[in-house]
Structure formats: C-alpha cells, structure tokens
Amino acid sequence: MLHKKIELRENGSFDAYATTYLIESNSEIKNRRRPVVIICPGGAYMSISDREGEPIALRFLAEGYHAIVLHYSVYPNATYPTALLELGRVVSMLREKSDEWLIDKDKIILMGFSAGGHLAASYSCFWTKDFISRSLSCKREELMPNALILGYPVITSEHTLGGSFRHLLGDKYDELLEEMSLEKQVNTDNPPTFMWHTVTDEAVSYKNSVLFEAALKEKGISVQLHLYPEGMHGLALANEATAADESQIVPCCQGWVSAVLDWLKNI
C-alpha cells in the first residue's frame, strides 16, 4: 500500500493534507486501474473526525478501491471556499497521477459524512464554477466527480443543529447562507448520488437527505437514498470499529457499505 501524507496549500491554508491508501501493483495482484474514493470526514467544519476517516478508507481498500482521506481546513483557520478548493486540488491531482497510481480517472468518487457530506455535496454542485478551475489553474474537466456518496449529510440550514454553517461561512454567514443550502444549488452537472441517513438523527435531520434527493430527481440525476429506522448522528461504519460507545453500534445501519458497493457496480 502506498500510504503517504500530501500537504495542501490552497487559498492561504496551512494545515490541510490528504492521506493516501493506494493499492500498489505486485506480482500477485493484477496490475489494473482502480476506482478511488475521496473521503471527507465530518466535524461541523470545526474539526475532522478520525472515526469517519481511516476506518472508512480501510473498509473500501479491502474491497479493491483506492482511498484518500481529506483533512480539509476548518474554522477558525479557514472559511469558505478554502476546503472546497482543497477538495478540487485532490480531484485534479488524482487525474494527473492516474497513470502513476493506477487510478481509473473516470471513477473518482466523493464520499462525505455530516459536514464533510456538505463539503462533498457542495463540490458536486459547484465544480463547474469558473473560480475553482481558475484558482487551481487547471481545466474544468479535470475537476469532475464521477459519483457522490453521502452519510447523514448537512445539506440545508433549515434542518441542521450546531454551528456547521457559521463555521463554514464566518463573517459571510448572512451573505452566503442561502447559496450554501445545497438543495437550491443542484444542477445537471451533479454526479449520480447515493445517500444514507437515520430517521432518528437529532443533530442533522434526515430531511436534509430527503430535500437533496428531491432536488436531484427534479434535475434528472440518478439518486438512491437509504433511510434507516434508528441510529444517532455520526455512526460512521455503525459497528465496533468506529463506535465511540455502545450507542454507535447499530446493526440495521451496518449494511450501508454493501449497499454502496452494489450501487457502484452500475455507475
């Protein structure tokens, strides 16, 4: 496995980096290009959840996927659009290094949890905007995500507790709040999307995912939403590997990875 830390320096940031989990070719494993999953952990745009990073990467690595965990810049060191540009840099980097790292550049998949879900979803809505390609000095097509996977994502300010939007926007909160409510920003350039949420999530209501699903369907974007009957916010794998305590072990939610893998076969 090629396991390395790559520093990111976008928009004046200084503390962001991407950690790679890349399957290397050898005499026993067929030398072939693989899809790659870029994982954006949650943390209310104020921290980065370790539970939603490496354990997720290793789970997908075991299924034959390359994985990248993005430790994006957060408040108070950075506000919008710094994390968005960092994610764009990783996408373009993976396409640039697709030959060296044996990446299928037509299968670059974004995955985000909670506020990291908002980051991944906002990138999926905004990746064609000129300011991103201009800031990163690359062509627009190099920035395209091929699929999006969201776990209990923050989507709209109408159904989210906590300070995610205030941390993201800082002193531009009033100016940009509506633009950052992503159910209003879906367009025909959004990629196919898979989402999962629990109906008992009290921190980020399942209505976030329902609103985003409706907006995607309205634009003709392929979307699959799985709603589970129980479970708190921030479940990650919902098993012992990522549980902070017993309340985060929720058997009915543990099948989301298998559901995603089945979904990806048709993307």
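Some observations on this one:
- Only alpha carbons enter this Debye calculation for segment 1-128, each as an equal point scatterer, and the log10 of I(q)/I(0) it gives at q = 0.20 Å⁻¹ is -1.11.
- Protein accessible area in the chain, 1.4 Å probe - carbon and sulfur %: 46 percent
- Straight Cα distances below 27 angstrom link Lys217 to the lysines Lys105, Lys107, Lys129, Lys184, Lys207, Lys265, with same-chain residues fewer than 8 positions distant left out.
- Checking every one of the GluC sites (Glu not before Pro) in segment 74-182 against DSSP loop status and a limit of 16 other Cβ atoms within 10 Å picks out Glu100, Glu178, Glu179.
- Structure-derived Cα Rg over 2.2 N^0.38 Å: which label, when the choices are (1) 0.93; (2) 1.04; (3) 0.99: (1)
- Bridging of Lys4 to aspartates and glutamates at a Cα separation below 14 Å is possible for Glu24, Glu54, once same-chain residues fewer than 8 apart are set aside.
- Set of aspartates and glutamates near Lys97 by C-alpha distance (under 12 Å), chain-local residues within fewer than 8 positions excluded: Glu142
- Net lengthening on full extension, Asn187/Cys252 (0.36 nm per residue, minus Cα-Cα): 20.2 nm
- For the chain, accessible area per residue (1.4 Å probe, heavy atoms of protein chains only), Å²: 43 Å²
- Theoretical FRET efficiency, 1/(1+(r/R0)^6), r = Cβ-Cβ of His3 and Asp104, R0 30 Å, to 0.05: 0.90
- Cα pair distances in segment 131-173, grouped into 5 Å bins until the bin that holds the longest one, percent each: 5, 16, 16, 13, 19, 22, 8, 1
- Potential lengthening of the chain between Asp15 and Glu96 amounts to 26.9 nm, from the contour at 0.36 nm per residue minus the alpha-carbon distance.
The values are calculated or read from the model by the stated rules, or taken from the named source; none is laboratory data. Values in this document were obtained by computation on a predicted structure and should not be read as measured data. As a convention, Cβ positions derive from the backbone with ideal geometry for all residues, glycine included, and neighbour counts pool all protein chains shown. Just so you know, the surface numbers come from the protein's heavy atoms only, side chains and all, with ligands and any DNA or RNA stripped out. Shrake-Rupley method; radii C 1.70, N 1.55, O 1.52, S 1.80 Å.
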